[in-house]
Amino acid sequence: MWRWEVCFFYEQRETSDMRSFVYEQLTKQLDDDPLIDELGLVVRASELLFGGNDSKESDSAADDGKGPPFICREHKLGISSWCLPDLYRFATNLFLSLIANIDFKSLQCLHNVEISTVKEIHDSTRIILLINADSYRAWNVRKFLIQAFRLKTDDEIRFMNLVFSKHPKSGEAWSHRRWVLRQVKDFESRNSKQLSDVSSQPHSSNVDDFVRNDHFSTEIRICAQVAEIYPKNYYAWTHRQWLVKLFDFEELKQELRRVSRWNDLHVSDHCGFHHRQFVLLCCLERSKLHSGIVLKDFDEGNSSNSDQFHHEKLESSEDCEFCEIFREEFVYLSDMIRRYPGHESLWCYRRFLWSYWFRLQIQHPTDSDDSNANYSPTSQSTDSDNSELLLKLLSEEIEFAQHHIEDDEVSNFPKQRRFATRYKLWILHSIRGFCSRIPTASQFWKI
């Protein structure tokens with residue numbers, strides 16, 4: 001019995017020494033190479049398996065056949081799966097022992113802590129979050145490090161980029177990222193300036209061009225990369241929408257062009273088109289400030305709102321740039337539907353476009369029969385003229401859907417026909433209140 005206890009003691013000591021050794025080596029690797037931008041888990045971190053020289057492997061790790069605990073090549077870090085449980089347990093115990101005597105109720109709690117202790121807290125939380133990115137306690141302690149000026153925001157953003165390469169759907173990490181960005185001086189000044197000047201100077205050249213800001217470029221790039229790693233990533237697209245809220249009208253148009261490249265490569269991904277929808281709604285809010293357009297609520301299918309079809313005099317005499325953007329969206333989407341038939345995401349996005357386009361024409365009709373004409377405000381327009389315009393738009397949209405219902409020469413024709421039929425029925429159902437008050441509109445009910 002005594003021999004068993006001695007063997008167990010030495011086995012525990014050897015395991016503890018191995019945990020400490022792996023922890024120290026990995027911490028040193030992260031300190032020596034701050035440009036590490038990708039993290040992955042590997043079965044065996046052998047140099048030979050990754051095109052290197054296997055003689056570099058440590059003897060202590062090679063004796064048991066497991067190989068080294070990690071490998072780093074070309075700023076890419078791979079951690080062996082066999083060491084993760086012990087490494088995480090060791091880092092967590094160390095982290096809890098370090099913060100046990102620190103009162104985090106005050107923002108000044110780390111000012112009197114020794115630099116070596118702060119460094120150990122930083123290192124232990126770094127290892128914890130690389131393995132478990134949802135450890136909110138570790139993220140919160142790193143917030144205190146930033147507020148105590150013991151950790152730079154740029155270094156924290158770079159670290160989170162590494163975390164997202166392995167944990168792209170960590171809600172705690174994305175929340176922490178937004179908090180860090182709010183601590184950035186130029187980002188916060190941009191936020192306050194945008195909120196105060198968007199209504200008074202929407203097109204002022206004195207407003208800083210946030211599109212060229214390094215932090216913004218990094219955020220857009222990371223959101224795109226994370227969306228590639230994990231499709232339909234709610235957190236990445238929500239973070240990007242949080243950024244879009246800070247844009248002015250010109251920057252929103254640039255964002256539409258950037259999202260177009262994503263939509264072209266990910267036609268079936270609803271997230272990209274939903275983000276495009278969000279950008280257009282932000283354009284709508286900005287256009288209200290620019291040209292005085294007011295869109296009343298329109299309850300689809302409610303005939304009681306059909307009497308609200310009228311046009312209010314605009315406060316500005318400039319053309320409605322937002323209407324032009326919406327027209328370009330229809331052209332872009334029509335081309336996408338023709339090039340990529342049978343994708344439901346395109347037809348769902350067209351429902352959104354038609355719904356808001358119909359509301360916009362109710363409130364802001366044109367004075368020209370040319371559908372490609374510039375949209376200019378008219379102070380005098382009768383209900384009959386407005387109704388004729390809306391019927392013309394309705395007829396063109398019904399013809400577009402009918403064309404794809406009958407075009408059997410395209411690939412994926414069964415799906416294309418099914419989505420086009422649903423879209424046609426949806427239009428007829430959504431505007432039935434409007435059609436009920438115009439006798440000539442009865443023709444659209446024929447399927």
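Beta carbons closer than 6 Å, at least 6 apart along the sequence or on distinct chains, pair a first residue in segment 139-153 that is part of a loop (DSSP other than H, G, I, E, B) with a second that is surrounded by 15 or more Cβ atoms within 10 Å (Cβ to Cβ) for ALA148/LEU110; ARG150/VAL118; LEU151/LEU145.
Each residue in segment 123-138 was checked for being small (Gly, Ala, Ser) and assigned to a loop (DSSP other than H, G, I, E, B), and 2 of them qualify. Of all residues in segment 329-363, those being of a type outside the set (Lys, Arg) and modelled with pLDDT under 90 number 9.
Residues that are part of a loop (DSSP other than H, G, I, E, B), under 24 Å from VAL163 (Cβ atoms) and modelled with pLDDT of 90 or more do not occur anywhere in segment 55-72.
Looking only at segment 117-161, residues that are in contact with an Asp or Glu (Cβ under 6 Å, 6 or more places away or on another chain) and open to solvent by less than 20 Å² (accessible area, probe 1.4 Å) come to 1 in all. Residues that are under 22 Å from ARG359 (Cβ atoms), among the basic types (Lys, Arg) and open to solvent by less than 10 Å² (accessible area, probe 1.4 Å) are absent from segment 248-261.
Restrict the check to segment 114-122 and report whether at least one residue is assigned by the TED database to the domain that holds THR27, over 30 Å from the mean Cα position of the chain (by Cα) and in a loop (DSSP other than H, G, I, E, B).
Yes.
Only helices (runs of 4 or more DSSP H) whose full extent lies in segment 213-271 are considered here, and the ones with at least 3 residues that are under 9 Å from the mean Cα position of the chain (by Cα) are 214-229, 234-244.
A count restricted to segment 165-180 and to residues that are closer than 14 Å to ILE131 by Cβ and in a helix (DSSP H, G or I) stands at 2. Among residues of segment 212-235 that are surrounded by 14 or more Cβ atoms within 10 Å (Cβ to Cβ), those with a Cβ under 6 angstrom from a residue that is part of a loop (DSSP other than H, G, I, E, B) and modelled with pLDDT under 90, sequence gap 6+ or separate chain, pair up as HIS215/VAL184.
The values are calculated or read from the model by the stated rules, or taken from the named source; none is laboratory data. Small disclaimer: the values here were computed from a predicted structure and weren't measured. Neighbour counts are summed over all protein chains in view; Cβ atoms, including those assigned to glycine, are modelled from backbone coordinates with ideal geometry. With ligands, DNA and RNA removed, areas are computed over all heavy atoms of the protein, side chains included. Shrake-Rupley method; radii C 1.70, N 1.55, O 1.52, S 1.80 Å.
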